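Data first, discussion second: the structure below is written as structure tokens.
The values are calculated or read from the model by the stated rules, or taken from the named source; none is laboratory data. As the structure is a prediction and not an experimental result, all values here were calculated from the model. Positions of Cβ are generated from backbone atoms using ideal geometry, with glycine treated the same way; all protein chains shown enter the neighbour counts. We work out accessible area using only protein heavy atoms, side chains counted, and drop any ligands, DNA or RNA first. Shrake-Rupley method; radii C 1.70, N 1.55, O 1.52, S 1.80 Å.
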Amino acid sequence: MALLKDPPSGVEIDMNKISSNLSEWIVDVTGAAGTNYEGETFQLQFKFGPRYPFDSPQVLFIGSNIPVHPHVYSNGHICLSILTDDWSPALSVQSVCLSIVSMLSSCKEKKRPPDNAFYVKTCSKNPKKTRWWYHGKF
Amino acid sequence: MNSEDDLFYNDDDSAHEMDDDDDDFVEMGIEPEPTSTNEKTDVEVFLYEVLTTEQIVQHMVDCIKEVNTVVQIPATTTRILLNHFKWDKEKLMDCYYDGDQEKLFLEAHVISPFKKTPNAKKRTTRATSAAVAASVQQEVTCEICYLALPATLMTGLECGHKFCIQCWTEYLTTKIMDEGMGQVGTISCAAHNCDILVDDATVMKLVKDPKVKLKYQHLITNSFVECNRLLRWCPMPDCGHVVKVQFFDSKPVSCNCGHIFCFACGENWHDPVRCMWLKRWIKKCDDDSETSNWIAANTKECPKCHSTIEKDGGCNHMVCKKCRFDFCWVCLGPWEPHGSSWYNCNRYDEDEAKKARDSQEKSRSALQRYLFYCNRYMNHMQSLKFESKLYASIRLKMEEMQQHNMSWIEVQFLKKAVDVLCQCRQTLMYTYVFAFYLRKNNQSIIFEENQKDLENSTEHLSEYLERDITSDMLVDIKQKVQDKYRYCESRRKVLLDHVHEGYERELWDYLDSA
Ligand SMILES: [Zn+2]
Ligand SMILES: [Zn+2]
Ligand SMILES: [Zn+2]
Ligand SMILES: [Zn+2]
């Protein structure tokens with residue numbers, strides 16, 4: 001809710017694309033100045049299940065511009081522990097967006113994860129179904 | 001203590017007192033005479049007990065109580081500490097008395113109970129002021145559901161993160177029912193980045209649904225068994241018994257359900273091959289040809305606790321779900337020296353890996369070799385399954401003989417023969433696993449001779465029991481059968497003794513490539 005009133009810089013909710021039952025949101029994020037993603041905009045899709053916030057939302061990049069990043073697959077799936085293992089019901093959409101922006105900001109080299117091709121071919125549509133065994137630290 | 005009334009391991013003091021005597025040898029490590037009904041011994045005095053699920057819960061309670069007779073902290077905190085030390089009481093005690101207690105509590109993710117007093121006081125004052133505030137209609141917002149609620153409806157752990165009671169209940173229920181508490185047997189605070197663990201008393205207080213409570217108890221019991229080196233669940237599906245040993249070793253144990261398995265690895269008893277090689281073998285067999293490459297590339301063992309880890313994503317910074325060890329996927333070394341960017345690891349030599357893949361010729365002959373051993377292994381396994389049919393036909397034969405004036409005792413040699421046959425098949429099966437990883441040397445040639453002898457004598461016995469037995473005179477049968485199975489037994493003993501001696505004198509070399 002705070003996100004609607006007072007979004008942090010680089011994060012903006014697309015009010016037209018919020019589904020009528022509020023279970024699906026699209027958030028526009030902008031790469032922070034002075035980073036590899038400066039000036040780029042990306043779209044994040046949030047899907048909230050019936051057990052949200054106790055169950056984590058499904059979050060992925062959608063649209064034509066998927067950030068090239070060692071923890072982002074070309075299908076938009078994001079490897080970020082707070083989206084699965086380290087999810088806390090006290091995390092808001094805003095704090096998730098901020099974590100993703102800061103993940104982008106800390107990237108030194110723009111490249112895809114090394115197993116991108118294999119993963120994208122074999123993974124489930126829902127990134128939450130992937131058993132992420134690793135935690136990227138940023 | 002009142003708050004812990006609900007706690008399942010806190011309500012049976014009287015029952016506990018009654019079997020105190022029984023438990024003493026367990027706790028003190030005094031070996032009793034093997035006359036106790038619970039106690040089973042193998043040839044090489046390897047003492048173990050078979051416990052029911054109830055006895056396991058009792059055993060866990062006893063461990064907690066034993067620590068609590070010395071360390072005066074709430075039982076529910078003790079469980080978290082013991083869990084942290086993999087239920088090694090001595091290690092906990094050592095750290096508790098010799099080490100830094102604050103550090104101990106910190107590492108176990110609990111707030112020191114000795115800090116409680118000032119905190120609790122603070123809380124009371126706060127609670128009083130909250131009560132005053134509530135009376136003037138002041139409310140607090142729960143950071144999970146964003147509802148503004150009276151402060152009295154908010155709760156939390158000693159870390160100070162407060163959420164409304166309803167959110168807590170939902171949170172714990174989700175953790176227990178959907179995620180199975182991630183194998184670790186504990187749940188952390190609902191706040192982001194807070195790793196303080198929720199104690200059992202709080203869980204039992206906040207969770208109301210009996211189904212969820214029951215599942216929680218199962219999860220606790222399971223984590224108690226799983227992380228205790230001296231305990232292992234019987235691997236038979238739905239058996240529910242636990243084998244408890246006095247020291248960890250690779251030894252055969254026999255469950256009350258009749259299943260005999262290796263205590264160290266949980267597989268069927270697999271002498272002469274060692275657990276490590278058997279594990280590798282089973283993994284190899286499970287990989288069918290299509291997926292084998294993928295599995296080799298995508299599963300590895302945690303270098304610390306050896307649980308199998310599957311990789312579905314890109315980061316090479318791995319955290320083992322079971323033991324939380326941080327390591328690098330590529331080189332399997334600890335993560336720390338790699339710094340913050342995973343692609344700095346320079347211990348992986350792409351060229352070398354490629355060279356190995358390219359030598360197709362080599363892999364084809366390796367496949368042939370594998371198939372050779374695999375066929376023989378599978379064959380004995382298959383035969384072993386068929387021997388249950390043999391037991392049935394032999395039983396008929398035994399009845400027939402009893403009608404010809406032989407006593408029940410006298411005809412037992414037939415059953416014994418099938419028992420020996422099964423033992424030999426099982427041993428033979430695992431000799432092929434042993435041989436697959438064995439590098440050729442003088443001793444391995446002797447081993448192969450022994451293997452051949454055992455195989456021949458086993459096949460003779462098998463053939464006789466299956467076919468020829470009917471054509472002989474009843475009086476001849478006993479002598480012939482006994483001769484054959486005794487010979488098998490002696491060949492089996494020769495083979496096993498030779499392998500064991502080889503282990504002791506370190507005569508076995510292994511192939512790394514296999
Ligand atoms: Zn709430
Ligand atoms: Zn907390
Ligand atoms: Zn069993
Ligand atoms: Zn074993």
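Go through (1) free of Cβ contacts under 8 Å to residues at least 40 places away in the same chain; (2) away from ligand 3 (no atom under 13 Å from the Cβ); (3) crowded, with 18+ Cβ neighbours inside 10 Å; (4) under 24 Å from B:C302 (Cβ atoms) one by one and return the number of the condition B:M276 breaks.
(3)
Take the residues in region A:61-86 that are facing chain B (nearest Cβ under 9 Å) and more than 13 Å from the chain's Cα centre (by Cα), then tell me which one is surrounded by the fewest Cβ atoms within 10 Å (Cβ to Cβ).
The extreme case among them is A:D86.
With the condition kept exactly as written, say whether any residue in region A:101-123 is more than 9 Å from every other protein chain (Cβ to nearest Cβ) and under 28 Å from B:T173 (Cα atoms).
No, because not a single residue in region A:101-123 is more than 9 Å from every other protein chain (Cβ to nearest Cβ) and under 28 Å from B:T173 (Cα atoms).
Just the residues that are buried (at least 17 other Cβ atoms within 10 Å of the Cβ) and within 11 Å of ligand 4 (Cβ to nearest atom), please, taken from region B:254-266.
B:F261, B:C262, B:F263, B:A264, B:C265
Which residue, of B:V253, B:V212, B:V225, B:V242, is more than 16 Å from ligand 1 (Cβ to nearest atom) and within 14 Å of chain A (Cβ to nearest Cβ)?
B:V212
Conditions first: (1) closer than 28 Å to B:C305 by Cβ; (2) without any contact (Cβ under 8 Å) to a residue 24 or more places away in the chain. B:P210 passes all but one, so which condition is the exception?
Going through (1) closer than 28 Å to B:C305 by Cβ; (2) without any contact (Cβ under 8 Å) to a residue 24 or more places away in the chain one by one, B:P210 breaks only (1).
Enumerate the pairs (first residue in region B:141-162 and on the phi > 0 side of the Ramachandran plot; second residue anywhere and away from ligand 1 (no atom under 13 Å from the Cβ) and open to solvent by 40 Å² or more (accessible area, probe 1.4 Å)) with beta-carbon separation below 8 Å, excluding pairs fewer than 6 apart on the same chain, so at least 6 apart or on different chains.
Filtered contacts from region B:141-162: B:Y146/A:M1.
Pick out the one residue from B:G160, B:G156 that is modelled with pLDDT of 70 or more, surrounded by 12 or more Cβ atoms within 10 Å (Cβ to Cβ) and away from ligand 1 (no atom under 13 Å from the Cβ). Don't jump to the end; show me each part of the working.
Details: B:G156 fails: away from ligand 1 (no atom under 13 Å from the Cβ).
From the options B:G160, B:G156, the qualifying one is B:G160.
Please list, ordered by first then second residue, the pairs with beta carbon atoms under 8 Å, 6 or more apart or interchain, first in region B:167-180 and touching a residue at least 60 places away in the same chain (Cβ under 8 Å), second part of a loop (DSSP other than H, G, I, E, B) and among the polar types (S, T, N, Q).
none
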